[in-house]
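These notes are about the structure you will find just below.
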Amino acid sequence: MGSVQGLSSMGAELAAEIERAGEIIRAGGLVAAPTETVYGLAADAFNDHALAAIYAAKGRPQFNPLIVHFPSLSAAAAEVEMSPLAAEFAAAFWPGPLTLVLRRKPTSRISKLASAGLDTLAVRVPAHPVFQALLSAAGTPLAAPSANPSGAVSPTSAAHVRAGLADRVALILDGGPSSVGVESTIVKVDDDKAVLLRPGGAPRAALEAVAGALVSPQAIDRSAPKIEAPGMLESHYAPRARVRLDADAPHVDEAYLAFGPAPAEARFYLNLSAKGDLTEAAANLFAHLHTLDKMCAENGLTGLAVAPVPSDGLGEAIRDRLARAAAPRTG
Ligand code: TXA
Ligand code: MG
């Protein structure tokens, strides 16, 4: 515990808010806080009641487990079995946008609600200085899903959190826009096998440079009854407007999300990256979806057309989120 360090550049006001956030968490409350990927809705990972409150605030199905955030690799290793391959991933990517799904240690006191009935736990060491300061102020690992109502677009700013969860969270820490902009990559490590459960902020090629080829979730049994990846919830990250993918130009009743040069006929549009840069596109993705959804509602447009985005690097995660935004709604 102790005082928050390394935040002198962020100002005394934020440091004081982080201290207050730590107290709220120790008392079993919820705090929204920035990570480098997206904003998270954080609670004490040892506290069953606090985790139940996360599920309630998000309106989240009970079977969808939570990621637990730690200040360091050694803190995470106290709760899960770190195989040599898992340790290699952790050394290469932590702190950063990678989540590892590993077997729980039998001695782990992390709330069973974080695992939602599985014998595994998703663990991550985030890089964001505000989230790290919150971990230190709270003095406990933090379970944190993205801070949005279940199924809605993820938040990459404090304003997004306020718009989506408003009165359902005691305090929102504002750390500015999330720099990565898409959620962490989730890899399940079974001994020497690594399965990519969710593409995200750590690109596949970077992971494969460490571990060799990753097994795709498609190669696993897709009809398995238990949720193994968020990908099994088809409609996710959904704006209210209907979404049409790989569109070279918008129809008259559509707003447009461009990538690279925007087509002349686009009137209501935003650009993920005018220069076609995938890192910039990932950082803009959710903010643009939030804004375009509002633009549709205000201008009587019924849909949102999206430019083709390449699938290399961060493009894999961007295309994954866009495909879910476009999937038939499950209600
Ligand atoms: O970047 C991120 O990962 C953000 C920030 C806040 O850390 N968090 C995030 O959490 O995206 P969430 O809850 O929105 O998505 C995490 C996904 C869940 O949808 C769940 O399906 C999967 O991780 N997950 C969690 N625990 C798991 C487990 N034990 N096995 C398989 N999948 C798991
Ligand atoms: Mg989420």
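The values are calculated or read from the model by the stated rules, or taken from the named source; none is laboratory data. Note that the coordinates shown come from a computational prediction; the quantities given were computed from them, not determined experimentally. Note that each Cβ is placed from the backbone with ideal geometry, even for glycine, and that neighbours are counted across all protein chains shown.
Look through the range 125-143, keep the residues that are within 11 Å of ligand 1 (Cβ to nearest atom) and out of contact with any helix residue (DSSP H, G or I) (no Cβ under 8 Å at 6 or more places or on another chain), and return whichever of them is farthest from M10 (Cα to Cα). Write out each step before concluding.
Here is the first cut: in the range 125-143, the ones within 11 Å of ligand 1 (Cβ to nearest atom) are 125-128, 131, 142-143.
Of the ones still in play, those that are also out of contact with any helix residue (DSSP H, G or I) (no Cβ under 8 Å at 6 or more places or on another chain) are 127-128, 131.
On the way: A127: 15, H128: 12, F131: 13 Å.
Step by step, filter the range 125-143, then rank; the result is A127.
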### Task
Please verify whether the range 127-134 includes one or more residues that are within 16 Å of ligand 2 (Cβ to nearest atom), within 25 Å of A75 (Cβ to Cβ), at pLDDT 95 or above and buried (at least 24 other Cβ atoms within 10 Å of the Cβ).
yes
### Message
I'm checking my understanding of the structure. Among residues of the range 292-306 that are in contact (Cβ under 8 Å) with a residue 12 or more places away in the chain and under 23 Å from the mean Cα position of the chain (by Cα), which one is surrounded by the most Cβ atoms within 10 Å (Cβ to Cβ)?
### Response
L304
### Task
Answer with yes or no whether A33 is within 16 Å of ligand 1 (Cβ to nearest atom) and at pLDDT below 95.
no
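Limited to the range 107-125, what total is found for residues that are part of a loop (DSSP other than H, G, I, E, B) and more than 22 Å from G139 (Cα to Cα)?
Going through the range 107-125 one residue at a time, the tally reaches 4.
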### Task
Please go through the range 54-77 and pick out each residue that is part of a helix (DSSP H, G or I) and among the β-branched types (V, I, T).
I54
#### Entry: Among the residues listed as A255, A281, the single one being at pLDDT 95 or above and in a helix (DSSP H, G or I)
A281
### Query
Looking at the range 190-198, is at least one residue at pLDDT below 95, acidic (D, E), more than 23 Å from M82 (Cβ to Cβ) and not in a strand (DSSP E or B)?
no
#### Entry: Within the range 144-163, considering residues that are outside any loop (DSSP other than H, G, I, E, B) and under 20 Å from E17 (Cβ atoms), the one nearest to ligand 1 (Cβ to nearest atom)
V161
### Task
Tell me, yes or no, whether the range 84-106 has at least one residue that is within 24 Å of A323 (Cβ to Cβ) and assigned to a helix (DSSP H, G or I).
no
### Query
Residues of the range 55-72 being at pLDDT 95 or above, crowded, with 17+ Cβ neighbours inside 10 Å and out of contact with any Pro (no Cβ under 6 Å at 6 or more places or on another chain), which ones?
I67, P71
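Every residue, every condition in (1) assigned to a loop (DSSP other than H, G, I, E, B); (2) of a type in the set (G, A, S); (3) out of contact with any strand residue (DSSP E or B) (no Cβ under 7 Å at 6 or more places or on another chain), yes or no:
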| position | (1), (2), (3) |
| --- | --- |
| P261 | yes, no, yes |
| A266 | yes, yes, no |
| G276 | yes, yes, yes |
| H288 | no, no, no |
| A297 | no, yes, yes |
| A305 | no, yes, no |
| E316 | no, no, yes |
| R321 | no, no, yes |
| R329 | yes, no, yes |
### Query
Restricting the search to the range 173-205, which residues are within 16 Å of ligand 2 (Cβ to nearest atom) and closer than 14 Å to V38 by Cβ?
S178, V180, G181, V182, E183, S184, T185, I186, R198, G200, G201
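Checking the structure you have, find out if any residue of the range 107-115 is of a type outside the set (A, V, I, L, M) and either within 16 Å of ligand 2 (Cβ to nearest atom) or under 17 Å from V189 (Cα atoms) (or both).
yes
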## Note on the structure
Scanning the range 144-159 residue by residue, those more than 8 Å from ligand 2 (Cβ to nearest atom) and surrounded by 24 or more Cβ atoms within 10 Å (Cβ to Cβ) turn out to be A144, A147, V153, P155, T156
### Task
Tell me which of these A170 doesn't satisfy, since it passes every other one: (1) at pLDDT below 95; (2) within 16 Å of ligand 2 (Cβ to nearest atom).
(2)
